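The values are calculated or read from the model by the stated rules, or taken from the named source; none is laboratory data. Remember, it's a predicted structure, so these values are computed and weren't measured experimentally. Every residue, glycine among them, receives a Cβ derived from its backbone with ideal geometry; neighbour counts consider all protein chains shown.
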Amino acid sequence: MANHPHAPSQFTVPPRVAVLSIIGFWAFYYVSVTLRAWIMDYPDHWVMLDNRAWVSLFGIGFTTLMYLALRPLEQRSLRLRVAAAFLFAAVSSTAYSTVNYLSFYVVDPKPELEKSDVEKSATREAQEAHEEKKGPAHVIADNAIHWYFFNLAWAILYLALSYAGAVRASEREAARLRTAAQTAELRALRYQVNPHFLFNTLNSISSLVMAGRREDAETMILNLSTFFRTSLSAEPTEDVPLADEIALQRLYLEIEAIRFPQRLRSAFDIAPEAERACVPGLLLQPLVENAIKHGVAPARRPVEVSVRARIDGTMLVIAVIDDGEGVQGAKGTCVGLRNVRDRLTVRFGDAASLEAGPRPEGGFAVTIRVPVTIHGC
């Protein structure tokens, strides 16, 4: 089965990080032991540098083998990985202790130390000389216990890195899923075009044709085609310049003006600097539709629907106002207002706001405030 393109990596600890941690561990060992020997002025500590270097290289190799053994278990349970770490640390420590014994006692044994030096300094080299009286197995086992905790410390570090990597991978996946969910929500909200608008427009076109007003019908068909081609071809999750959004609403009101030739008046007051600001596509559509539905349609007199926009500091302020007598959901409970409020929340969070309510002089007003973005669309 093919891997998902966004699936987290099988291994949560990059090999480069693992190798650097191994080298760092053993470099720290080499430097700290050498520095300690120099500070304590251990006898013949300088002649131990090459032996210590060789066994450190073997230590790096054994720890690398331990890493290769632990790596395939990264996706297994934590209990299993901890048990494996304890086991592999014991194997690595035994192997390292064996190499350490061979290096210091068999291949390149260090010079004999005088008894007075042993009594005076109690150096590790003197202790190792004393351990020569013991059997090889005893010395190897004793040192293996000593090095077991050193190897186990690296294994625990590796498990911690693995766990941290898994957490980061989970966070990235959660962030991706949140983004996907927001995108899906934006698409769903964006495509909530009022079907009544389409039905009413088609009925109006049919009435115009039956009344012999072919030119008006043709104009309405062309405007309707342009409106849907523009509104449905745009990417739902992208912003558009306010000028483009206003142009689309002008087109929509021209279509509705054919339905309500004696009742609908439209006005636009858009500040020049506001035209370049970015807004979510079709953000104003539900608001203008509501103004037609609740303000113009039930009226028996001319009703003006006006759209205003200006820059107020760092905020873009847009208002859709009608002076009709219809009543909308003042608290944003109707579908159109709820749609716009949800889109603002998904897109801007708490940085945007929507206020809606009846006007004292009559009619209804909806005011949107969003952060000004000029080059984001």
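Sort out which residues of region 59-106 are among the polar types (S, T, N, Q) and over 41 Å from the mean Cα position of the chain (by Cα), and write them in order of number.
Filtering region 59-106 for residues among the polar types (S, T, N, Q) gives 63-64, 75, 77, 92-94, 97-98, 100, 103.
If the condition is that a residue be among the polar types (S, T, N, Q) and over 41 Å from the mean Cα position of the chain (by Cα), then S93, T94, S97, T98, N100, S103 are the ones that fit.
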Report task. Could you figure out which of (1) of a type in the set (A, V, I, L, M, F, W, C); (2) in contact (Cβ under 8 Å) with a residue 24 or more places away in the chain; (3) closer than 27 Å to H375 by Cβ isn't true of A247? Result -> (2)
Report summary line: Cβ pairs under 8 Å, 6+ apart or interchain, first in region 57-75 and assigned by TED's automatic domain parsing to the domain that holds F86, second surrounded by fewer than 18 Cβ atoms within 10 Å (Cβ to Cβ) and outside any helix (DSSP H, G or I), ordered by first then second residue, are R71/F11; E74/Q10; E74/F11; Q75/Q10
Report summary line: Log entry, pairs with first residue in region 79-107 being on the phi < 0 side of the Ramachandran plot and free of Cβ contacts under 8 Å to residues at least 40 places away in the same chain, second being outside any helix (DSSP H, G or I) and of a type outside the set (S, T, N, Q), beta carbons closer than 7 Å, six or more apart or on different chains, reads Y105/E132
**Report entry** Which listed residue, of A217, A188, is aliphatic (A, V, I, L, M), part of a helix (DSSP H, G or I) and either modelled with pLDDT of 70 or more or touching a helix residue (DSSP H, G or I) at 6+ places or on another chain (Cβ under 9 Å) (or both)
**Finding:** A217
Report summary line: Selection from region 259-279 of residues outside any strand (DSSP E or B) and crowded, with 21+ Cβ neighbours inside 10 Å yields A274, A277
Query raised in the report: Residues of region 231-242 being surrounded by fewer than 16 Cβ atoms within 10 Å (Cβ to Cβ) and in a helix (DSSP H, G or I), which ones?
Result: L232, S233
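Within region 77-87, is even one residue crowded, with 16+ Cβ neighbours inside 10 Å, over 17 Å from G24 (Cβ atoms) and modelled with pLDDT under 85? Spell out how you get there, then give the answer.
Start the filter on region 77-87 by keeping residues that are crowded, with 16+ Cβ neighbours inside 10 Å, which leaves 81, 84-85.
The next check asks that each one be over 17 Å from G24 (Cβ atoms); those that pass are 81, 84-85.
The next check asks that each one be modelled with pLDDT under 85; those that pass are none.
Scanning region 77-87 turns up no residue that is crowded, with 16+ Cβ neighbours inside 10 Å, over 17 Å from G24 (Cβ atoms) and modelled with pLDDT under 85.
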Report summary line: Sole miss for A299 among (1) within 26 Å of G363 (Cβ to Cβ); (2) in contact (Cβ under 8 Å) with a residue 24 or more places away in the chain; (3) surrounded by fewer than 17 Cβ atoms within 10 Å (Cβ to Cβ) is condition (3)
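Just checking, does region 154-173 include any residue being outside the structural domain of L344 (by TED's automatic domain parsing), more than 29 Å from the chain's Cα centre (by Cα) and modelled with pLDDT of 85 or more? So that I can check it myself, show each step before the final result.
The first filter runs over region 154-173 and keeps only residues outside the structural domain of L344 (by TED's automatic domain parsing), leaving 154-173.
When the remaining residues are screened for being more than 29 Å from the chain's Cα centre (by Cα), the result is 154-155.
Next cut, modelled with pLDDT of 85 or more only: 154-155.
There is at least one residue in region 154-173 that is outside the structural domain of L344 (by TED's automatic domain parsing), more than 29 Å from the chain's Cα centre (by Cα) and modelled with pLDDT of 85 or more.
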Query raised in the report: Is there a residue in region 323-344 that is modelled with pLDDT of 95 or more and touching a Leu at 6+ places or on another chain (Cβ under 9 Å)?
Result: no
Report summary line: When (1) within 20 Å of F268 (Cβ to Cβ); (2) surrounded by fewer than 20 Cβ atoms within 10 Å (Cβ to Cβ) are applied to P358, the one that fails is (1)
Query raised in the report: Under 8 Å by Cβ, and 6 or more places apart or on different chains, what pairs join a residue from region 32-47 that is surrounded by 11 or more Cβ atoms within 10 Å (Cβ to Cβ) with one that is polar (S, T, N, Q) and at pLDDT below 75?
Result: A37/T123; M40/S121; M40/T123; Y42/S121; Y42/T123; P43/S121; P43/T123; H45/T123
Report summary line: Across (1) touching an Asp or Glu at 6+ places or on another chain (Cβ under 8 Å); (2) in the same structural domain as I246 (by TED's automatic domain parsing); (3) of a type outside the set (S, T, Y); (4) in contact (Cβ under 8 Å) with a residue 60 or more places away in the chain, C377 clears everything bar (2)
